[in-house]
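Just so you know, all these numbers are worked out from the coordinates, no wet-lab data involved. These figures come from a predicted structure and were not determined experimentally.
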Amino acid sequence: MSQAKTDGLKYALIVFLILIVSIFHYQTAIQHRYLHEIYQRIYYIPILLAAFWFGPWIGLLAAFVTSSIYVVHIERDWTSFPVYSFNQYAEIMLYHVIAVIIGVLSQRERRQRKRLERTSSELSEAYEKLRQTFEQIRKSDRLAALGELSAGIAHEIRNPLSSIKGSAEILEEAFDENHPKQEFVGIINEEVARLNSLVAEFLKFARPPKPSAETTSVNDLISSTLLLVTREAETGSVTVEFSPDQRIPPMKLDPDQIRQVILNVMLNGIQAMPEGGLLRVKTSLRNRGKSAVVDIIDTGEGIQGDLERIFDPFFTTRADGTGLGLAVSHQLVENHGGVISAHRNADRGMTFRLQLPIEVNQ
């Protein structure tokens, strides 16, 4: 029930009580004096309710209406009883005094309750922010330690890989092209290349380079990135659509890093649609012109499992995935002061959103 409807019912109850008590006053003979004394005390109920619910002014209004009706009754029936009439007029004065006292106390109580509710809300918000900050610090510490570990592992792996690669090259020269063992040398070279690529991903996650900002058009950056995924999209029967927001001004960002992020998300979206589908990319100006938003939307099967973990390193849903692509993308976007997020679409597929700050007067 809305507040206006509730207040309307309260007003109706107050008016009803005043009227019903007044009717009893006017319909009861003066011989039943004890009943009239009861009725004049019952008048306190609507006056108290009005003052308690709506404050001193409405309480005074209720007291004034009650008194106006009651005075007519006194003048009509009780003027021949001066002592009792005086007591009735004194009662009328008390109606107004009680209305003011209860109204002021009720008003103070409401203000105090609102202050307590506001304080409670502020404390809840502060606690939530503190919890989020603590989680971010804990996650940052964990990622920092993981980054150092990854860098150490990558360094330790890279040295033996160089030795293996050199040895494979020597073996390759030792056998002619048609020798049966050349097949095994080729396997060694392929695996070394794959491990080198994996090590490079480790190092990219562990020590992402600082952004080298330059004035860049986000829409142009996306258009050039779309050219890189055209062949793979056509091969997978994926239709790519781009809806740019022309209001977005040129921005200060590292084009290579942001291209890497957008390309990675696009490729993930295409790979999530093995039977074909639609990949939509759209940009928009948000936050009163302070942020540029890039939405990358696919119609694939969607990411199963906990979405909060998809930007964690080594979390992957693909059997051949390293779990570092989105983790690196998350770091690169954060280094730009932006935010990357993901959510499941209402029908099917995923939406990845990049929100990048636009520097004012850049």
query = Using Cα pairs under 8 angstrom and six or more residues apart, how large is the relative contact order of the range 3-123, in percent?
reply = 27 percent
query = What residues qualify as long-range amide H neighbours of Thr28, i.e. H under 5 Å apart, gap of 5 or more or another chain, H built at 1.01 Å from N?
reply = none
task = Could you tell me, in Å, what Rg and Dmax come out for the Cα atoms of the range 212-274?
result = 12.7, 37
query = Taking amide H positions as placed 1.01 Å from N in the peptide plane, with prolines and chain starts having none, which residues 5 or more places from Lys252, or on another chain, fall under 5 Å of its amide H?
reply = Thr216, Glu359
request  = Two decimals is fine: what's Rg over Rh for the range 214-357, C-alpha atoms, Kirkwood radius as Rh?
outcome  = 0.94
ask   = Which lysines have a Cα lying under 27 Å from the Cα of Lys165, excluding residues fewer than 8 positions away in the same chain?
value = Lys181, Lys204
inquiry  = Quick check on the range 3-123: what does the Kirkwood estimate of hydrodynamic radius come out to from the alpha carbon pairs, in Å?
reply    = 15.5 Å
query = Given the pairs Lys114/Lys290; Lys210/Lys290; Lys129/Lys290, which span a C-alpha to C-alpha distance of over 31 angstrom in this model?
reply = Lys114/Lys290
Karplus (6.51, -1.76, 1.60) ³J(HN,Hα), θ = phi - 60°, over the range 214-223, in Hz, Gly and Pro reported as x = 8, 5, 9, 8, 4, 4, 5, 4, 5, 4
